[in-house]
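The values are calculated or read from the model by the stated rules, or taken from the named source; none is laboratory data. Nothing here was measured: the structure is a model prediction, and the numbers come from that model. Using ideal geometry, Cβ is built from the backbone for each residue, glycine included, and neighbour counts are taken over all protein chains shown.
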Amino acid sequence: MERLIKKYSKKLVEHGLCNEGSPLIGGLEVELIWNKKDPSRKILEKVINSLNITSILFAEPAEPYFSILNYLSFKANELTIHPKDCETRTFLHDIPVSLKFEANSIIKILKNRKSVIIPKHGIITIGTISPEQTFIVYSSVCFALFVKFFDDYYYSITSNNINEQQKTIFNQTIDYYKNFISKIKKVSSTNNISLKKEDEVIKSIIKTGKLTVDCLMVDSFFGNISYKLKKSIYISQTGSSLDELIGCIDKCPINQSSCAAITASSEFSAHKDIYLNTKNKAILHGHPKFCVIMSLLCRKNNCKFKGQCHIKCPEKRYAKDIPIVSGEVGTGIFGLYRTLPPAIKNKRGVIVYGHGLFIADKYSLENTFNNLIDIETMCLNLYLEKVKENNAI
Amino acid sequence: MFGWTGKILCLDLSKKQYTTLTPNQNIYDEYIGGRGLAGYYLKEVIKEPWDSEKMRLLFFTGPLTDTPSPTSGRMTIMSRSPLTGTLCDSSVGGTLGGQIKKAGWDGLIITGKSQNMIGIEIIDSSINFIDASNLKGSTISEVISKFEKNSSTAIIGPAAENGVLFSNIVLDSHHFAGRGGLGLVMANKNIKYIKVKGTGKTSVFDINELRKAREKIFRLTAASPILLGELGISNYGTGALYDLMDSRNMMPTDNFKATKFNYAPKLNAYQYKNKYEPKKTGCPGCHILCKKIGKNNEILPEFETMSHFTALIGNKDLDTVVKANNICNEMGMDTISAAATLACYSEIKEKIITKGKVLSLLYDIALSKGIGKELKLGSYRYAELKGQEEAAMTVKKQELPAYDPRGAYGMALSYATSTRSGCHLRAYPISHEILRKPVATDRFTFNGKARIIKISEDLNAVIDSLTTCKFLFFAATLEEYAQVFYAVTGIKTTAQDLLKKGERIYYNEYTMNALNGFTSKDNDLPKRFFKNPGTSTIESKIKPLKRKDFLKCLKDYYKIRGLDKNGLPTKKETEKLGIEWKD
C-alpha cells in the first residue's frame, strides 16, 4: 500500500495534474496510512472510515485544471457537472460538486460516485481495491473538465454569451497548451521498415506507449497500442497504463486459437479488423485533448439525434483529412469496432466522437506517434480558427 | 410494493400444509432478498443437522428477479451442507426464480419430510403435492420429458437419491445449484421436483429510470473484453478462462501437484468451438449469454469442469470431458467435487484414471455402486477413510475449484474465509488478480488483500441478494445497480448503502457457521500449498505460499471483518450490524 501511495502521488505530479506536494493519499489496510501530514486528513479520515473502501485521494489540481474546475463547479446546475466525453459517460456518469469541504457532505456524494470536486479546494477520489483507482478517476476528472470547458467555450461564443472569466481562462490555457505542444519532440522515423521479430515489437510498443503518456496524449490507464507481426497481434492489456507496459502486452493469434488474450484491450476487435482490412501494421490510440474537443463541436440545429451523437451521428464529419465517427468503447451494437475500421482505410487516423484518436500506419509505431502529435496540433489550430471565425479572440 | 411481492410460501412436507409469511419491510431493507433473505431465514434452524425435519431448504428470489434489470434472471437456493456442515447456498440461473416471482412469492421455505417421493407443483397460489414415486431413480432429462416444454423446474437426479454428498439441484435441465450437496437435502425431504408457473408480473417503480440504468450497464459491459470481447465469455463461455489460467501457471494439475497442463492448448475453448459449433444461451434477461450448447444439443462444460476433468485428473480427451459433464448433469452431481474426488482417488491409488474409467467411476458414484459408495462422500472423507488426508484438496471438506491459490494470493485468502467452504465465488479475486478489473493487483502478494477480500465478499453478497450475476461486475459497479434498485423498488439507495447490507449478510453467515462450531482452525488451506511449489516458467514462478504471510493476512482479515482472533463473531460487531448473537 505504501509503495502504491508513493507511486501515484509521484505520477500525479509527473502527469501535470498536481503540483509537487499537493497530493494527499490515504490507504487503508488494517491501519490507515498517509503519504504526508496535512490538516485535511481529519476530514478525509472521517470519509474513509464511513465508506467501504481502501483508498482516498485529495489534491488541488495544477493549472489550468484548477481554474477550470472552479469555473465549472460554480456554474454547475444542481451541483453536478455533465461533460460529454466518453470517459465520463462510460465510467463516471457525471461529476458531482460539494460546495463545502466538510465530511458529511462529501460522504453523501461519495456513497454513490467515485469522485467529488470541491470549488477552491480540489478533487477527492476513492478506490475500493487500490490507490491506482484514485489516480485513474482523478486523471479522468481533470481530462473531462478540460474538454468540457473548451466545448462550452465554443458554445458560448457561438451563442454570443461569453464572460470575462471564461476569456481569461481560455487565454491562459491556450497559451499554456500551445507552448506545451510545441515542445513535444517527434521521434526519428525507422525509414518505413516493418518490424520482424517479437522482441523488437514488444520493445517498440513499450517505448511508444511511454512516449505517448510522457507527452500527455493519454490520461490515466486509457489508450491502447498494438502491432501486427505474422499471424498475431501484440496489444496492450485492458486497464494497462501505456507508460507501464512491461509484462502487460498480450499476444493474440488472429485466428483466435487461444483465449489467453482475453485480457487484451477492449479495442482488440477494432484493431484486429483494421489489420484484416488494411495493410497497416501499427495502431496507436490516445486521448489528445483537442482531437476530442473538435469531435464535440457540432452545433447542428434540430438534429434528430441530438444527445445521441456518440452512437448515432449520421453525418460524415472531418477534422481536415481526419474522419470523425461515432462509436462507443468495445463491441456493443454501437461499438466503435463497427465504425472505426471502415473509416480508417487510406487515412492516417480517425477521431471517435468524445473519445480519442486512433492512428494506423503500415510500418511503425514511431510513425503513429508522430502523426498523433501532428493531428493534435492540427486540431488545436482548427479549434482556434473556429473560435476566431466567431470573433471571440 | 415494488420489486418484492411481500410474501413467502412456507411448505411443511410432513403435514403437507402450507402457510404464507409476510416479512416486515425492515427485513427486506436489511437482507434484500436472494442469499441475504435466505440466510436470514436459515439462521433460525442452522444448528439442526442437515437431514433434520426442521432443516429448511430455501428457494429465494431477489427484488430484481423478473424485472428487466440486466442479468437478474437468477435466484438462491440455500440450506445446511451435508458435505461441509457449513451453510450452503448456490446462486443459480434459469427460469424458476422468475416464475416464483410471477406466482406471487419472494421465496419458498420448505421444512419437514414427505413419507413418499413427491413433486411440488405451484401455480400462483395453488399448491399441489404430487406423488412422484414413479420418478424415483430417474435422470434429469427423464423427469423433464414428463413435463410440458419450457417448464420451470428444480429437479434432483439419482445422485441425490443415492446419498452423494455433493449432489446438485438442477434447474431447467442445464442450470445447476451446485457445491455442498443441496440436492441431497432435497432428496432427504423426498422431493423429486418442484415445478412453478406464475401468471403475475413483478411491479417496477420507475421503468424510465430503469431504462437509463440499463443503458449505463450495457455500455459498461460492451466495454469489457472479458464479457463481450471477441475472446470473452459471451463468445467462448466461461471456458475462455481456460487458456488464461494455464498461461498464468495456475491451472490445478494432477491433484494440485502441478499448475500447468501441457495439453491445455488442445483442450481449450477454441477446440470446443470448432468441434461442437456451440450456440449461445443463458439466464433470462441476460445479454452476455455465457452458457454454450453444442450443435447436437450437448451442454458444453464450463471452465471449472473443463479444467478439472482434464488437468486435475490427467485426461487429454475432449469428448471425455463432454461425456463426464453430461453424466454429472444427468445424475445431478457437482462437477468440481466429482472431478476433484477422482483426482484424490487417483493419487491415493497411485493410478492414472483412463478415460473410460472416468465415466464408469462417475456412474459408480451417482448410483452408489462399488468404490462409488466411498467416493460419493467426497474427497475429504474418502482420503480420511484411507488415512491419507493430505490427498484431499479441500477447505472445510469442500473440493477446491480450478484456480490454484499459489498463483493468486487473494484467492488463497478467500478460499479460507469463504462462508460456504472452499469456494472461488465469495470474493472472486481473479477479477483483479488476473482479469485486471477494476484494476490489476499484484497476484503474488498478501499485502492489502485482507481488506480487498472483505469488500469483495460484501459486494458479492449484495449481488447474490439482489439477485444478479457476478460476471457483470467485471464491468458494472454498485453505482449503476443502486440506480437499478431504486428504479425497481422505489427505495433510494447508494452503492455504499448496498455494500453495508452486503457486510451484514456476510457477517450473518459467519454467525451461522460459528453456531455450528466453525472457528479459525477451519479457515485453512491444504498443507500442499505451503509445502510444494507449482509449475514455474520463465514468465512466472509459482512458489509455495508462505504460511507466516498467509496467517498474518488472515489475522488482518479478522480485524477488518470485525471477528475475534479465533475468527468468531463479536458482540460489538453484531450489535453494530443489527444481527442477533450471543458471545
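List of remarks:
- Residue selected from the stretch A:208-220 under the condition of a type outside the set (S, T, N, Q) and in contact with a Leu (Cβ under 8 Å, 6 or more places away or on another chain), by the criterion nearest to A:Phe290 (Cα to Cα): A:Met217
- Close pairs (7 angstrom Cβ cut-off, 6 or more residues apart or separate chains): within 10 Å of A:Ile205 (Cβ to Cβ) in the stretch A:234-251, of a type in the set (Phe, Trp, Tyr) anywhere: A:Tyr234/A:Tyr227; A:Ile235/A:Phe268; A:Ile249/A:Tyr234
- Within the stretch B:1-30, the set of residues being part of a helix (DSSP H, G or I) and buried (at least 21 other Cβ atoms within 10 Å of the Cβ) comprises just one member, B:Tyr28.
- Candidate set: the stretch B:480-508, residues that are closer than 17 Å to B:Arg211 by Cβ and surrounded by fewer than 21 Cβ atoms within 10 Å (Cβ to Cβ); chosen: the one farthest from the other protein chains (Cβ to nearest Cβ): B:Gly490
- Taking the criterion of being assigned to a loop (DSSP other than H, G, I, E, B) and under 18 Å from the mean Cα position of the chain (by Cα), the residues of the stretch A:221-238 that qualify are A:Phe221, A:Phe222, A:Gly223, A:Thr238.
- Which numbered condition B:Ser520 fails, given (1) within 12 Å of chain A (Cβ to nearest Cβ); (2) surrounded by fewer than 24 Cβ atoms within 10 Å (Cβ to Cβ); (3) free of Cβ contacts under 8 Å to residues at least 60 places away in the same chain: (1)
- Identity of the residue in the stretch A:334-361, away from every other protein chain (no Cβ under 14 Å) and part of a strand (DSSP E or B), that ends up nearest to A:Lys289 (Cα to Cα): A:Leu357
- Any chance A:Lys281 is out of contact with any Phe, Trp or Tyr (no Cβ under 7 Å at 6 or more places or on another chain) and either modelled with pLDDT of 95 or more or surrounded by fewer than 24 Cβ atoms within 10 Å (Cβ to Cβ) (or both): no
- Boolean, A:Ser241 is over 21 Å from B:Ile233 (Cβ atoms), within 14 Å of another protein chain (Cβ to nearest Cβ), within 25 Å of the chain's Cα centre (by Cα) and modelled with pLDDT under 95: yes
- Residue among B:Pro401, B:Pro405, B:Pro438 that alone is more than 14 Å from every other protein chain (Cβ to nearest Cβ) and either in contact with a His (Cβ under 9 Å, 6 or more places away or on another chain) or of a type in the set (Val, Ile, Thr) (or both): B:Pro401
- Any hit, the stretch A:102-109, residues being over 20 Å from A:Pro23 (Cβ atoms), at pLDDT below 95 and not hydroxyl-bearing (Ser, Thr, Tyr): no
- Selection of the stretch B:410-441 for residues being at pLDDT 95 or above, closer than 20 Å to A:Phe135 by Cβ and of a type in the set (D, E, K, R) yields only B:Glu433.
Per-residue answers, yes or no, for (1) modelled with pLDDT of 95 or more; (2) within 19 Å of the chain's Cα centre (by Cα):
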position	(1), (2)
B:Lys295	no, no
B:Phe303	yes, yes
B:His308	yes, yes
B:Asp319	yes, no
B:Asn329	yes, yes
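- When A:Tyr176, A:Tyr155 are screened for being in contact with a Lys or Arg (Cβ under 8 Å, 6 or more places away or on another chain) and surrounded by fewer than 19 Cβ atoms within 10 Å (Cβ to Cβ), only A:Tyr155 passes.
- Candidates in the stretch A:49-91 are the residues that are among the aromatic types (Phe, Trp, Tyr) and either out of contact with any helix residue (DSSP H, G or I) (no Cβ under 7 Å at 6 or more places or on another chain) or under 17 Å from A:Tyr177 (Cβ atoms) (or both); of these, the one that is surrounded by the fewest Cβ atoms within 10 Å (Cβ to Cβ) is A:Phe74.
- Of the numbered criteria (1) touching a Pro at 6+ places or on another chain (Cβ under 6 Å); (2) assigned to a loop (DSSP other than H, G, I, E, B), the one A:Ile246 fails is (1).
Let's see how each residue does on (1) touching a residue at least 24 places away in the same chain (Cβ under 8 Å); (2) closer than 20 Å to B:Gly422 by Cβ; (3) within 14 Å of chain A (Cβ to nearest Cβ):
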site: B:Ser536; (1), (2), (3): yes, no, no
site: B:Ile542; (1), (2), (3): yes, yes, no
site: B:Gly562; (1), (2), (3): yes, no, yes
site: B:Gly567; (1), (2), (3): yes, yes, no
site: B:Lys572; (1), (2), (3): no, no, no
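- Taken together, the residues in the stretch B:544-560 that are closer than 21 Å to B:Met250 by Cα and more than 14 Å from chain A (Cβ to nearest Cβ) amount to 5.
- Filtered residues of the stretch A:193-221 (kept if buried (at least 24 other Cβ atoms within 10 Å of the Cβ) and within 14 Å of another protein chain (Cβ to nearest Cβ)): A:Ser220, A:Phe221
- Single residue of the stretch B:383-394 satisfying the filter (out of contact with any Leu (no Cβ under 6 Å at 6 or more places or on another chain) and either under 17 Å from B:Thr335 (Cα atoms) or touching a residue at least 40 places away in the same chain (Cβ under 8 Å) (or both)) that is surrounded by the most Cβ atoms within 10 Å (Cβ to Cβ): B:Ala392
- The strands (runs of 3 or more DSSP E) found wholly in the stretch B:173-292 include none carrying at least 2 residues that are within 14 Å of chain A (Cβ to nearest Cβ) and within 23 Å of the chain's Cα centre (by Cα).
- Residue count for the stretch A:119-139, restricted to those that are outside any helix (DSSP H, G or I) and within 14 Å of another protein chain (Cβ to nearest Cβ): 6.
- The stretch A:5-34 residues that are touching a residue at least 60 places away in the same chain (Cβ under 8 Å) and among the β-branched types (Val, Ile, Thr), paired with ones that are part of a helix (DSSP H, G or I) and buried (at least 20 other Cβ atoms within 10 Å of the Cβ) (beta carbon under 6 Å, 6 or more apart): A:Ile5/A:Pro131; A:Ile25/A:Ile5; A:Ile25/A:Ser9; A:Ile25/A:Pro131
- B:Ser337 vs. criteria of a type in the set (S, T, N, Q), buried (at least 23 other Cβ atoms within 10 Å of the Cβ) and either under 30 Å from B:Ala223 (Cβ atoms) or out of contact with any Leu (no Cβ under 9 Å at 6 or more places or on another chain) (or both): no
- Failed criterion for B:Asp497 (all others in (1) over 24 Å from B:Met411 (Cβ atoms); (2) in contact with a Lys or Arg (Cβ under 6 Å, 6 or more places away or on another chain); (3) acidic (Asp, Glu) hold): (2)
- Flag for A:Cys142 being touching a residue at least 60 places away in the same chain (Cβ under 8 Å) and within 14 Å of chain B (Cβ to nearest Cβ): no
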